[in-house]
Amino acid sequence: MKKIAILHGPNLDRLGKRQPEIYGTATLKDLEQLLRTAAKPLGVSLTFFQSAHEGALVDRIHALTDRGVEGFIVNFGAYSHTSIALRDALASSGRPAVEVHISNIKQREKFRRTSMTAGACVAMISGEGFPGYVKALHRLVQA
C-alpha cells in the first residue's frame with residue numbers, strides 16, 4: 001500500500017472560519033474525509049499533519065521520510081512564499097511532492113504569487129479548492 005502524507009501549514013486549521021469568501025466553509029476535517037474517501041479505491045494510506053510552526057513541519061518531513069512515506073501533498077500556507085527550510089526538507093526527502101493551494105495564488109496579493117517551496121515539488125495545483133487535493137493524490141499515485 002502506497003503511503004502519502006498530507007502536510008498543512010499555518011492557519012489551515014482555521015478552514016471553515018477563516019475568510020470563507022476565499023477558502024469556503026468546509027473544514028480541515030472535511031478535507032481529510034474527502035481525501036480518505038478518494039484514497040480508499042486507490043489503495044493508498046494517508047497520514048495528516050498540520051502545524052503553525054515551520055520547524056515542526058521540517059521535523060515531520062524528515063520523520064515521515066525515515067518511516068518510508070512515498071510522497072507528500074503539501075499546503076504550507078504562508079510558508080510557501082517564504083520558507084527555504086521547507087523547500088530544502090522536501091528536496092532532501094527524495095520523495096515526490098505536490099503543492100496545493102485552495103485559492104489561486106497567481107490572482108492574490110503580489111507577495112503570494114511566488115512559491116519558494118514549489119521548486120521542490122513535481123507539480124503545483126492552485127485555485128481548484130479541495131478538488132485540487134484529490135488531483136494531487138492521483139498525480140502522486142501515478143508517480
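Checked against the criterion of being touching a Leu at 6+ places or on another chain (Cβ under 6 Å) and hydroxyl-bearing (Ser, Thr, Tyr), region 92-106 contains not a single residue that satisfies it.
All conditions in (1) surrounded by 21 or more Cβ atoms within 10 Å (Cβ to Cβ); (2) more than 11 Å from the chain's Cα centre (by Cα); (3) farther than 21 Å from Arg14 by Cα hold for Glu70, with the sole exception of (1).
Results for (1) touching a Lys or Arg at 6+ places or on another chain (Cβ under 8 Å); (2) among the hydrophobic types (A, V, I, L, M, F, W, C), shown as yes or no for each residue.
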position: Pro10; (1), (2): no, no
position: Arg36; (1), (2): no, no
position: Ser45; (1), (2): yes, no
position: Ala56; (1), (2): no, yes
position: Arg60; (1), (2): no, no
position: Glu70; (1), (2): yes, no
position: Arg95; (1), (2): no, no
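Among residues of region 15-39 that are closer than 28 Å to Gln142 by Cβ and surrounded by 11 or more Cβ atoms within 10 Å (Cβ to Cβ), those with a Cβ under 6 angstrom from a residue that is charged (D, E, K, R) and modelled with pLDDT under 95, sequence gap 6+ or separate chain, pair up as Leu28/Asp13.
One residue is enough: does region 110-117 have a residue meeting the conditions of a type in the set (A, V, I, L, M), surrounded by 14 or more Cβ atoms within 10 Å (Cβ to Cβ) and at pLDDT 95 or above? No, there is no match, as no residue in region 110-117 is of a type in the set (A, V, I, L, M), surrounded by 14 or more Cβ atoms within 10 Å (Cβ to Cβ) and at pLDDT 95 or above.
Output the residues belonging to region 40-55 that are under 25 Å from Ser83 (Cβ atoms) and either surrounded by 14 or more Cβ atoms within 10 Å (Cβ to Cβ) or modelled with pLDDT under 95 (or both). Let's see the steps before the verdict.
If we filter region 40-55 for residues that are under 25 Å from Ser83 (Cβ atoms), which is where we start, we get 46-55.
Hits for region 40-55 are Leu46, Thr47, Phe48, Phe49, Gln50, Ser51, Ala52, Glu54.
The values are calculated or read from the model by the stated rules, or taken from the named source; none is laboratory data. Remember, predicted model here, so these are calculated numbers, not experimental data. Neighbour counts are summed over all protein chains in view; Cβ atoms, including those assigned to glycine, are modelled from backbone coordinates with ideal geometry.
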